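Single-structure report; data block below.
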Amino acid sequence: MNAIAIGPLIFSNDRFIAILSIAAFLLVSEFFAWRRPDTAKAIRRWSMITVVTWIVAARLGFVISNFDVFAEEPLSVFALWQGGFDTRAGTFGLGVTIFLGMLLTPSVVKPIAVSLLLGGMTFQTAGFLLPYEPRGRIPSVSFADLEGNEIGLARDDGKPLVLNLWATWCPPCRREMPMMVRVAAAQENVAFIFANQGEHEETVQSYLRYNGLPIEGMVQDPDSTLLAKFGMLGLPSTLFFSADGQLKAVHTGEISRAALLAQIKELEGESDED
């Protein structure tokens, strides 16, 4: 299982672990603030500074490493819900925060450091209990495309595969679809298949026609068998397969262009090694 469902909300494991870790950090720092009324205000202020610093530094690190993509779409820098964080840059940001705390408000260093330690322990424990280990292979199944042809998922052309599970009623699917088809059209070494989940052909055709999207690479999965096959909890879900058919990564939820291209680059790198 690569995601957690809480009511109508679905979180990929990595995002859920991040939320738990931040919550643990804030709870422990709030405990210190309660125990130390004289420095409570400073502890709370530096706790928020620490969280914001990690998010900004981790995001900035990811943006810098994918600068060419973000240069074309500057506003996508602020689309944090799409993911894309560099943990090394975030850790560097935490180090800077602790250093500044030592210089400006020494009394908060111990509470913040202990809170970070317990937040880190939460991260490690949650990561052990909710491991992100994509498993599986491309199934040997075929689906009809929108012209009535049978398209097999298993490939013999030596190309990695990006498999996107989507539906027209899904707002994040609709937001990411134009970007994904443009990326797919520009790829020569990676194949794309967009598998609609559980909808009638007329619905899919109408959506694509209205939005000026191509039908190439679109297939129908009327019984949502792929969702069940890989244990996906929601849409959109994007699965990345290596050239030999092994599932290498899964992204639950809307994906950014930068994150998509970064994952494609990893697939291409593995193919070159083979």
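The values are calculated or read from the model by the stated rules, or taken from the named source; none is laboratory data. Here the structure is a predicted model, which is why all the values come from computation and not from measurement. Using ideal geometry, Cβ is built from the backbone for each residue, glycine included, and neighbour counts are taken over all protein chains shown. These area figures cover heavy atoms from the full protein model, side chains too; ligands, DNA and RNA do not enter into them. Shrake-Rupley method; radii C 1.70, N 1.55, O 1.52, S 1.80 Å.
Taking the conditions exactly as written (aliphatic (A, V, I, L, M) and surrounded by fewer than 20 Cβ atoms within 10 Å (Cβ to Cβ)), does ILE215 satisfy them or not?
yes
VAL63 is checked against (1) touching a residue at least 12 places away in the same chain (Cβ under 8 Å); (2) surrounded by fewer than 20 Cβ atoms within 10 Å (Cβ to Cβ) and fails just one. What number does that condition carry?
Condition (2) is where VAL63 drops out.
If I filter region 108-119 down to residues being free of Cβ contacts under 8 Å to residues at least 24 places away in the same chain and either open to solvent by less than 60 Å² (accessible area, probe 1.4 Å) or not in a helix (DSSP H, G or I) (or both), which single residue comes out as farthest from ALA40 (Cα to Cα)?
Looking at residues that are free of Cβ contacts under 8 Å to residues at least 24 places away in the same chain and either open to solvent by less than 60 Å² (accessible area, probe 1.4 Å) or not in a helix (DSSP H, G or I) (or both), I get ALA113.
Give PHE85, PHE25, PHE92, PHE32 a once-over and let me know the one that is outside any helix (DSSP H, G or I) and within 22 Å of THR122 (Cα to Cα).
None of the other options fit; the residue is PHE85.
Do we find that ILE17 is closer than 30 Å to THR252 by Cα and touching a helix residue (DSSP H, G or I) at 6+ places or on another chain (Cβ under 9 Å) in this structure?
In short, yes.
Can you name the number of the only condition in (1) at pLDDT below 85; (2) of a type outside the set (S, T, N, Q); (3) under 20 Å from ASN189 (Cα atoms) that PRO131 fails?
Only one criterion is unmet by PRO131, namely (3).
Evaluate the following for TRP81: is it at pLDDT below 90, within 22 Å of the chain's Cα centre (by Cα), surrounded by fewer than 18 Cβ atoms within 10 Å (Cβ to Cβ) and hydrophobic (A, V, I, L, M, F, W, C)?
yes
Return a yes/no flag: does region 165-175 have any residue that is surrounded by fewer than 16 Cβ atoms within 10 Å (Cβ to Cβ) and among the small types (Gly, Ala, Ser).
Taking every residue of region 165-175 in turn, none turns out to be surrounded by fewer than 16 Cβ atoms within 10 Å (Cβ to Cβ) and among the small types (Gly, Ala, Ser).
If you check THR105 against the conditions, is it without any contact (Cβ under 8 Å) to a residue 60 or more places away in the chain and polar (S, T, N, Q)?
Here the answer is no, as THR105 does not meet what is asked.
Within region 135-158, identify whether any single residue is under 20 Å from GLU254 (Cβ atoms), modelled with pLDDT under 95 and in contact with a Lys or Arg (Cβ under 9 Å, 6 or more places away or on another chain), and answer yes or no.
No: zero hits.
How about region 23-59: which of its residues are open to solvent by 80 Å² or more (accessible area, probe 1.4 Å) and of a type in the set (Lys, Arg)?
Passing the criteria: ARG35, LYS41, ARG44, ARG45.
Is it true that some residue in region 237-244 is out of contact with any Lys or Arg (no Cβ under 9 Å at 6 or more places or on another chain), open to solvent by 20 Å² or more (accessible area, probe 1.4 Å) and not in a strand (DSSP E or B)?
No, that holds for no residue.
Give me the pairs: first residue in region 74-99 and among the acidic types (Asp, Glu), second residue open to solvent by 20 Å² or more (accessible area, probe 1.4 Å), beta-carbon distance under 6 Å, and six or more apart or on different chains, which are they?
Filtered contacts from region 74-99: ASP86/PHE62.
Out of all the residues in region 37-82, which are in a loop (DSSP other than H, G, I, E, B) and either of a type in the set (Gly, Ala, Ser) or touching a strand residue (DSSP E or B) at 6+ places or on another chain (Cβ under 8 Å) (or both)?
Passing the criteria: only ALA79.
I'd like to verify a number: residues in region 1-22 that are open to solvent by 60 Å² or more (accessible area, probe 1.4 Å), assigned to a helix (DSSP H, G or I) and small (Gly, Ala, Ser), how many?
Qualifying residue count, region 1-22: 0.
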